[in-house]
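Derivation of every value follows stated rules applied to the coordinates shown; laboratory data play no part. All of these numbers come straight from a predicted model, not from anything done at the bench. Backbone-built Cβ (ideal geometry, glycine too); neighbour counts: all protein chains shown.
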Amino acid sequence: MVDGIGRNIDYLRISVTDRCNLRCLYCMPEAGIENLEHEEILTFKEILTIVKVVSQLGIRKIKITGGEPLVRKGIINLIRRLKDIEGIEEVTMTSNGVLLGDMAQELAGAGLDSVNVSLDTLNKTSFNSITRRDCLDKVIYGIKKSVEAGLKTKINCVPLAQLHGEDLKNMLKIVKEYPIDVRFIELMPIGFGKSYSPVSNEQILGEIENEYGRLQRSKTKHGNGPAVYYDIPGFRASVGFISAVTDEFCENCNRIRLTADGNLKLCLHYNKGVALKPLLRSGISREQLKIVIEKAIHNKPVCHSFNSDCADNIELRNMVQIGG
Ligand code: SAM
Ligand code: SF4
């Protein structure tokens, strides 16, 4: 559906858990967070009800996120059932890749359309210090198995200023040799993200162009989001940039979010939303739920305010709790 300022909202990110097997510096504290109790998390039945309703409002694409979505029991079955919902054209996932190796084949069999693996560095020491876990080999294995299983696979990289440099060369090697797009995502000042310095995408593009000359914007369609892609001559895949901080793309925002505890979030940056869980658990009809969601989408915030010090209702939770 079209929101109050004319944006076509067709994409829903669903966080299925607030648990994670990594502890990325900018997302989660070392000691973990106080996890939601089991009954606070939406059941698959509740998620499916919401998706059936939003599909009638024009949602066509679903991204499964978390926490780490692959730690939620039964996730493959959820994907299969989401794919069966009339109107849903695409179900994709963002994962840290740790469990992907052993699940890729089944995920592909369930109809998952693509997977974005979050990987900020290919250097083991840096990986261990960013994620506070020693899992780089598992993630690489996960990416390999994902490609082998026929899943369209991309890497999402959030470069941190203090760890930048050699990593860029290694990431570009992947783009050169494999059919795997690498997207650079600017660190957002949300939760622990506020404690680290982002690397601007302009800087990364500049470094790549210093090496390879002026790059051409990719003519191929790569996805549903705000990423801007470039091709490098002779490379098998493309490089993408998601510049939420330096190049605000709110006027084209097509997405809404559902947190693991059932809050419909209309913008990543604000803590406001609509608590759908109590409505579902008090027996709201699908027609009534549709009206509630329709109204919320109509009132979707016009833009984030990452670059303002004095905005109201700012999201204070960490990304692991809201899904990224
Ligand atoms: N665990 C999964 C993963 O890592 O892909 C899914 C959840 S994670 C919160 C989703 C995405 O948010 C990841 O790509 C992660 O790098 C990104 N992310 C987390 N905190 C961020 C921040 N402060 N700024 C930008 N991206 C962030
Ligand atoms: Fe976990 Fe993903 Fe957050 Fe890293 S970015 S701590 S993998 S939820």
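DSSP finds beta bridges in the chain, and of those with both partners inside it, around 30 percent are antiparallel.
Only one residue of F249, V117, I208 has its Cα farthest out toward the positive end of the dipole of the chain, where Lys and Arg carry +1 and Asp and Glu -1 on Cβ, and that residue is V117. A protection proxy built from the mean count of other Cβ atoms within 10 Å ranks the segments 34-40, 195-201, most packed first, as 195-201, 34-40.
Would you please name the GluC sites (Glu not before Pro) within region 45-110 that are DSSP coil residues with at most 14 other C-beta atoms within 10 Å of their C-beta? Passing both the DSSP loop test and the Cβ count: E86, E89. In the chain, a dipole from Cβ-located charges (positive for Lys and Arg, negative for Asp and Glu) runs towards its positive end, and of V91, L268, Y229 it is V91 whose Cα lies farthest in that direction.
Rounded to the nearest 10 degrees, the inclination of helix 136-148 to the longest alpha-carbon principal axis of the chain is 80 degrees. Between the helical axis of 100-109 and the longest alpha-carbon principal axis of the chain there is an angle of about 60 degrees. Computed over the chain, the per-residue total of -39500 (n - 2.57) for DSSP H runs of n ≥ 4 gives a 222 nm mean residue ellipticity of -9000 deg cm²/dmol, rounded to 500.
Show log10 I(q)/I(0) for the chain at q = 0.10, 0.12, 0.13 Å⁻¹, two decimals, from a solvent-free Debye sum over equal Cα scatterers. Reported log10 I(q)/I(0), two decimals: -0.55, -0.82, -0.98. Each Lys and Arg contributes +1 and each Asp and Glu -1, all at the Cβ; summed about the Cα centre of the chain, the dipole is approximately 760 debye. Can you tell me the 0 to 90 degree angle between the C-alpha axis of helix 166-177 and the longest principal axis of the chain, rounded to 10? Approximately 80 degrees, to the nearest 10.
Shown here for region 203-264: trypsin sites (Lys or Arg not before Pro) in loop regions (DSSP other than H, G, I, E, B) with at most 14 other Cβ atoms within 10 Å, namely R214, K219, K221, R236.
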